[in-house]
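Structure first, then comments.
The values are calculated or read from the model by the stated rules, or taken from the named source; none is laboratory data. Keep in mind it's a predicted model, so treat the numbers as computed, not measured. Neighbour counts run over all protein chains shown; Cβ positions are idealised from the backbone, glycine included. Just so you know, the surface numbers come from the protein's heavy atoms only, side chains and all, with ligands and any DNA or RNA stripped out. Shrake-Rupley method; radii C 1.70, N 1.55, O 1.52, S 1.80 Å.
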Amino acid sequence: MKTILRWLFDLLTRFMRTLDLPLLGALAALMGIGLAVLYSAGGQSMSLVVAQGARFGVGLAAMWGLSRLPPNQLRNWSPLIYGLSLLPLLAVLFVGEGRHGNHWINLGVFYFQPSELLKLSLPMMAAWYLNRQALPPRFMNVLAAAALIAVPTGLILLQPDFGTAMLVGISGAFVLYLAGLSWWWFGAAFAGVAAAAPAAWFWMLRDYQKDRILTFLDPESDPLGAGWNIIQSKIAIGGGGLTGKGWGEGTQAHLNYIPEHTTDFIFAVLSEEFGWIGVAATLALYLFVVGRCLWIAASARDGYSRLVAGALGLAFCVYVVVNGGMIAGLLPVVGVPMPLLSYGGTSAVSLLAGLGVVMAVRAHRPVHGH
């Protein structure tokens, strides 16, 4: 019996050797919270929990597989991964489905969102390119990196999916920032976006996107229409108080006042049922994940690993901030899910796969003196 237990222990040790246990523990806690809140928000539907749990299983398998790959191998594969991820991004423009455009590809068994792949492949590609150049990057190198970022961002905008396009573009911009790009570049880019905003308003944004911006500025102007989501979400957040109404006792979700309460607005359900204590605990876990990614990036021994791990960690932080700001009425509604809480497969799998790359940086870090 002892021999069998020792064999199982050794097998488990070898299996988890490349996984960063502190990071994995925080992610497991977030996934557990996500499944618990989903069970409540979905009307105590076990089918939703099982389906999301299966997606987490796929994501964890991808995380484990990627964590076992040396960063130099991931670096060499980055152009291929980037190129292959662009193909479904092109295909979705012609065969995609969605409420406000072409965002998803129906594969029969599940819906696949190609834009989620770029949250991982774009930082890898940008890091691959910039790692081959002198840092901080020179003018022509910055333009080349900007082109690598602009191609997928532009394709996602054509779907149109402004929220995901923004997140994908930011993930690439973080690589440039970590590569030492001067702040004035980012200031110039922001000024350019601001200058183009009036033209985008008249010729690029669709009516529902304009409604989201106007609602953000004044949700009370249409409380029963475009402003409904934000108003009900803020009621749920405020109604939770310090300790919340209790698991499964939130009225805003269970009485269907909050639309998309299992996806984009699930954090409002958590706020109402678990209160500020639950919110603070969840945000602390998110903060730990981001901090751990940045610590792994800072301790990386090569430029590619540092850029990729740092960019993925900072991008994770932006996902949380954007969704949290959206449901609190501090940012316009852009359809961005809350990591590992919102119901959805492609987002969860791509997120966990990206953190598998971060774990690979930690697991295969060279030891001084060797």
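When the helices of the chain are scored as -39500 (n - 2.57) per DSSP H run of n ≥ 4 and the total is divided over every residue, the value at 222 nm lands at -23500 deg cm²/dmol. In order along the stretch 304-320, the phi-based Karplus estimate (6.51 cos²θ - 1.76 cosθ + 1.60, θ = phi - 60°) of 3J(HN,Hα) comes to 4, 4, 5, 5, 5, 4, x, 5, 5, x, 5, 5, 4, 4, 5, 4, 5 Hz; Gly and Pro are listed as x.
I'd like to know how the stretch 152-234 sits against the 2.2 N^0.38 Å rule of thumb: what's its Cα Rg over that expected value?
Relative to the 2.2 N^0.38 Å estimate, the stretch 152-234 comes out at 1.34.
Sorting 31-42, 232-243, 83-94, 167-178 by average packing, meaning the other beta carbons within 10 Å per residue, from highest down gives 167-178, 31-42, 232-243, 83-94. In plain terms, the C-alpha convex hull of the chain casts an average shadow of 21.5 nm² when viewed from every direction. Net length available on complete extension from Ala61 to Leu331 is 93.8 nm, with 0.36 nm assigned per residue and the Cα-Cα distance removed.
Above 20 Å, the calculated P(r) of the stretch 208-336 contains 51 percent of its Cα-Cα pairs. 3J(HN,Hα) along the stretch 78-94: 4, x, 5, 4, 4, x, 5, 6, 6, 5, x, 5, 6, 5, 5, 5, 10 Hz, from the Karplus curve 6.51 cos²θ - 1.76 cosθ + 1.60 with θ = phi - 60°, whole Hz, x for Gly and Pro. Once the Cβ-Cβ distance of Val95 and Leu242 is raised to the sixth power relative to R0 = 56 Å, the FRET efficiency obtained is 0.70. For the stretch 13-64, the carbon plus sulfur part of the accessible surface works out to 74%, probe radius 1.4 Å. Per residue, the Cα convex hull of the stretch 294-348 amounts to 98 Å³.
Each residue of the stretch 150-162 is assigned a 3J(HN,Hα), and the resulting list reads 5, 4, x, 4, x, 5, 5, 4, 6, 5, x, 9, 5 Hz, derived from the Karplus form 6.51 cos²θ - 1.76 cosθ + 1.60 (θ = phi - 60°), x at Gly and Pro.
Just the accessible area per residue of the stretch 284-370, please: how many Å² with a 1.4 Å probe? Dividing the accessible area of the stretch 284-370 by its residue count gives 33 Å². Taking amide hydrogens as placed 1.01 Å from N in the peptide plane, the amide H of Asp161 sits under 5 Å from that of no residue at least 5 positions away in sequence or on another chain.
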